[in-house]
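Everything below concerns the one structure shown next.
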Amino acid sequence: MTINVLPPDVASQIAAGEVVERPSSAVKELVENAIDADARDIRVEVRRGGKTFLSVADDGCGIPAADVELAFERHATSKLSTAGDLDHILTLGFRGEALSSIASVSRVTMVTRAAAEETGVLLRLEGGAVVHRQPSGRAPGTTVTVEDLFFNVPARREFLRTDLTERRHVDNWITRYAIAYPGLRFALLHDDRETFRSPGTGHLHDVLVAVYGHEVGETLLEVFPEGGQERPILVSGFVAPPSFHRSNRQDVTLFVNGRWVQDSRLTYAVIQAYHTFLPVGRYPLAVVMVNLPPEEVDVNVHPAKVEVRFRDADAVFRAVQRAARQALVAKAPIPSAGGAATAARMAWQERHGRPFSHPPLPEPHTQAQQLQPELGMGERRGSLPPLRVVGQIGATYVVAEGPDGLYLIDQHAAHERVLYEQMMDRQEGLASQQVLEPQAVEVPPHAAARVMEGMAALNGLGFDVEPFGGTTFLVRALPAILGRAEPAEALLEVAETLGEARSRVDEALEEAIVRSICKRAAVKAGQVLTREEMEELVRGLERCVSPRTCPHGRPTMIRLSVDQLAREFGRQ
Ligand code: ADP
Ligand code: MG
């Protein structure tokens, strides 16, 4: 086979394909250019999702008349001059590819005027070739209009989706950049109708209200800029409270140095921050900005520059996870190591002359009553208002009244949460209770390996388990909290948990075991509770850092606000 050098127009079309995949990619590149040109106002107009027409107008620095043609040459850029510059890129563009790529697959008109020049220039290109040039009046700034995208690349054109889909891609890019640059005023028009505007106040929260609406905006929790400890990594942004969740990860929006990025690890860091707060299979809404010195991140790894590579990805992961987590628990004071609960436990121990244990309901009041004094007068750790128990429904839900409405509490989920926080807050191993007679428990082969691996963790959590040959284990003791549980059942259940925990990389084994123990120890649905027991449960919940979800992320309670009640009864 002979080897041919491709004609320049074919080569540039192939290169263009990497940069301009669809109308929204052209919009994105043009908006990046406007931002790099220090624009304050950026107006984007789109028709038919950008297939027939799109334009981006800015009030930035403009291009000197003498350089306008040059801007459309491949690898022509004002943002980079030496290879060394690649190590500390501060602009969104740097390759000098966008304008040439867009021009090679469409009909482009640019009107631009540099601030220092009297008049501007209008330049028209078709398929990359200049077809017209004339002087043109304009306020300083640049307008680029792209018509008939892919008119000369039918294969590309046919791959475009419906107007609506293309339009959504455009929306995504505009909102991303509006979020990344709250100081800029963006306006977006679809088919001559304005569909989005960002206020340009410089406050991220104002943009988020414009993007997500007031209702979501009001609930958002701020992630305060926190410097990374090891490297200068600054994380900021907003996270939605756990009560607000979505069915996919698309509402975890990440920016690195003002650039929207796709990064599954960092997305996971955010999801990880909601650990135990969200129901299984649900995802948070979050906007997280990472800022770090440009030499700490390589932005030159992806044609559309939407992926980056960090010098120390683990440090960035930790910084993001920590900052988001802090924002989520900030509403309630975080229990300090050796905090109130530990002090209470030690006091309990002194008074009773035996290790503190968490007796399961139905005699739970002993624990909470004893814990109360050490927490201090009126001191509440959680974000719950004081609740007054009204009664129980269906032996499953506790009804309580708060200053702001009616609460329905799932007794099992709530008790799981209470036990979980008490256990995670403890400092020493868990109290264990000997079983009446050591019992040999055979576990399924796949679980046996997990029990072996998790043996140390199990024995630190109140189990006393040892290998007994083959897939059999000898159980001598169980966590006291489990009361008189059946040893075989308890071990098998934990073995299952160990299996699940192993597939979730970042989850501490111990925490998974604790969750499984709490699940088993918690009062079940269908159990009638005395008033004292219900009160103990509610007090315990009030002391929790995260009282509103169980350790598996399901809600512990539903609130009917006073306003809601009034509305339902037509009083408002
Ligand atoms: P890059 O952004 O990577 O430099 P582009 O092809 O997007 O490459 O743009 C080429 C050059 O054209 C830029 O470096 C810049 O000097 C100039 N330019 C493009 N768009 C604008 C604009 N809106 N305002 C001012 N200058 C612009
Ligand atoms: Mg560019």
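The values are calculated or read from the model by the stated rules, or taken from the named source; none is laboratory data. Only a predicted model underlies this, so the values are computations on that prediction, with no experimental measurement involved. So basically every Cβ, Gly included, is an ideal-geometry build from the backbone, and we count neighbours across all protein chains shown.
Remarks
Results for (1) within 15 Å of ligand 2 (Cβ to nearest atom); (2) under 34 Å from the mean Cα position of the chain (by Cα); (3) assigned to a helix (DSSP H, G or I), shown as yes or no for each residue.
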residue	(1), (2), (3)
I42	yes, yes, no
G49	no, yes, yes
A57	no, yes, no
D67	yes, no, yes
L70	yes, no, yes
A76	yes, no, no
D87	no, yes, yes
L99	yes, yes, yes
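- Identity of the residue in the stretch 100-114, out of contact with any strand residue (DSSP E or B) (no Cβ under 8 Å at 6 or more places or on another chain) and closer than 16 Å to V131 by Cβ, that ends up farthest from ligand 1 (Cβ to nearest atom): V105
- Verdict on R161 being farther than 17 Å from D9 by Cβ and either over 41 Å from the mean Cα position of the chain (by Cα) or among the small types (G, A, S) (or both): no
- Scanning the stretch 308-331 for residues that are in a helix (DSSP H, G or I) and of a type in the set (K, R), we see that the one that is nearest to V239 (Cα to Cα) is R325.
- Complete set of residues in the stretch 269-287 that are among the aromatic types (F, W, Y) and either in contact (Cβ under 8 Å) with a residue 40 or more places away in the chain or assigned by TED's automatic domain parsing to the domain that holds R554 (or both): Y274, F277
- Residues of the stretch 271-289 classified as surrounded by fewer than 20 Cβ atoms within 10 Å (Cβ to Cβ) and among the small types (G, A, S), total: 1
- Among the residues making up the stretch 484-535, those that are at pLDDT 80 or above and in a loop (DSSP other than H, G, I, E, B) are A485, E486, A522, V523, K524, A525, G526, Q527, V528, L529, T530.
- Annotation: of all residues in the stretch 21-78 being over 18 Å from I179 (Cβ atoms) and among the polar types (S, T, N, Q), the one that is farthest from ligand 1 (Cβ to nearest atom) is T52.
- Residue ID - surrounded by the fewest Cβ atoms within 10 Å (Cβ to Cβ), chosen from residues in the stretch 48-82 that are among the aliphatic types (A, V, I, L, M) and touching a residue at least 24 places away in the same chain (Cβ under 8 Å): A76
- Restricting the stretch 536-545 to residues that are under 27 Å from the mean Cα position of the chain (by Cα) and not in a loop (DSSP other than H, G, I, E, B) leaves a set whose member that is nearest to L482 (Cα to Cα) is L541.
- Residue in the stretch 442-462 that is modelled with the lowest pLDDT, counting only those that are farther than 23 Å from M423 by Cβ and in contact with a helix residue (DSSP H, G or I) (Cβ under 9 Å, 6 or more places away or on another chain): H446
- For S24: the one exception among (1) touching a Lys or Arg at 6+ places or on another chain (Cβ under 9 Å); (2) part of a helix (DSSP H, G or I); (3) free of Cβ contacts under 8 Å to residues at least 24 places away in the same chain: (3)
- Residue check for E117: among the acidic types (D, E), more than 27 Å from V10 (Cα to Cα), more than 8 Å from ligand 1 (Cβ to nearest atom) and in contact (Cβ under 8 Å) with a residue 24 or more places away in the chain: yes
- Scanning the stretch 462-471 for any residue that is in contact with an Asp or Glu (Cβ under 7 Å, 6 or more places away or on another chain) and without any contact (Cβ under 8 Å) to a residue 40 or more places away in the chain turns up at least one such residue.
- The helices (runs of 4 or more DSSP H) falling completely within the stretch 154-267 that include 2 or more residues that are within 30 Å of T549 (Cα to Cα) map to 204-212, 214-219.
- Residue in the stretch 277-299 that is in contact with a helix residue (DSSP H, G or I) (Cβ under 8 Å, 6 or more places away or on another chain) and among the polar types (S, T, N, Q) present: no
- Qualifying residue in the stretch 102-109 (condition: in a loop (DSSP other than H, G, I, E, B), away from ligand 2 (no atom under 16 Å from the Cβ) and touching a residue at least 24 places away in the same chain (Cβ under 8 Å)): no
- Pairs are defined by a Cβ separation below 9 Å, a sequence spacing of at least 6 or placement on different chains, a first member in the stretch 154-176 that is among the hydroxyl-bearing types (S, T, Y) and buried (at least 16 other Cβ atoms within 10 Å of the Cβ), and a second member that is modelled with pLDDT of 90 or more and part of a loop (DSSP other than H, G, I, E, B); the pairs so defined are T175/S198.
- Of the numbered criteria (1) surrounded by fewer than 20 Cβ atoms within 10 Å (Cβ to Cβ); (2) within 23 Å of R311 (Cβ to Cβ); (3) modelled with pLDDT of 90 or more, the one G227 fails is (3).
- Count - residues of the stretch 420-449 that are in contact with a strand residue (DSSP E or B) (Cβ under 8 Å, 6 or more places away or on another chain) and either in the same structural domain as T276 (by TED's automatic domain parsing) or farther than 18 Å from E466 by Cβ (or both): 1
- Total residues in the stretch 279-303, condition in a loop (DSSP other than H, G, I, E, B) and either at pLDDT 85 or above or closer than 19 Å to V252 by Cβ (or both): 10
- The selection criterion, being among the aliphatic types (A, V, I, L, M) and not in a helix (DSSP H, G or I), holds for V441.
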